[in-house]
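Asks: Got a structure for you, questions after.
Just so you know, all these numbers are worked out from the coordinates, no wet-lab data involved. The structure displayed is predicted, hence computed values, not measured ones.
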Amino acid sequence: MAGTRDLRRILHITLGLLLVAVGLVTMFVPIPVPLLALTPLAIGCVILSANSRVARRSIQRARHRSALLSRAFEQFALRAPRSWARILHRTRPHAIIRHGKIAARNAARD
């Protein structure tokens, strides 16, 4: 059973990476429908963050650096199915901000 679970995880990560790549490529292609590239990009990020801790933390850091990206993910989460919205909730950058405050407070004590 562990082999099947590992294979499924590898397939999910591959699908997520493929969707992210398609989203990134279509962002720079002039297409008539605005923001069409965000759909595969967001779905790929949901799949990756559900199956990889490294991807989830990377998405958190990217959302921390870009308020526009963070707002886009929040808007997508409002329209996405509840299970996807929960996964996207785990990528919110609040943890990075909280750890920064704790580190600053600890540095001020020393």
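Asks: With the contact rule set at Cα under 8 Å and sequence spacing of 6 or more, what percent relative contact order holds for the chain?
Replies: Relative contact order comes out at 21 percent.
Asks: Sticking with this one: I need the shape label for the chain. Rule: rounded when a/c is under 1.5, else prolate if a/b > b/c, else oblate, with a, b, c from the alpha carbon gyration tensor.
Replies: oblate
Asks: Pick from Gly23, Gly44, Gly100: which is most flexible by mean-square fluctuation in a GNM of the chain where alpha carbon atoms under 10 Å apart are linked?
Replies: Its mean-square fluctuation being the largest, the pick is Gly100.
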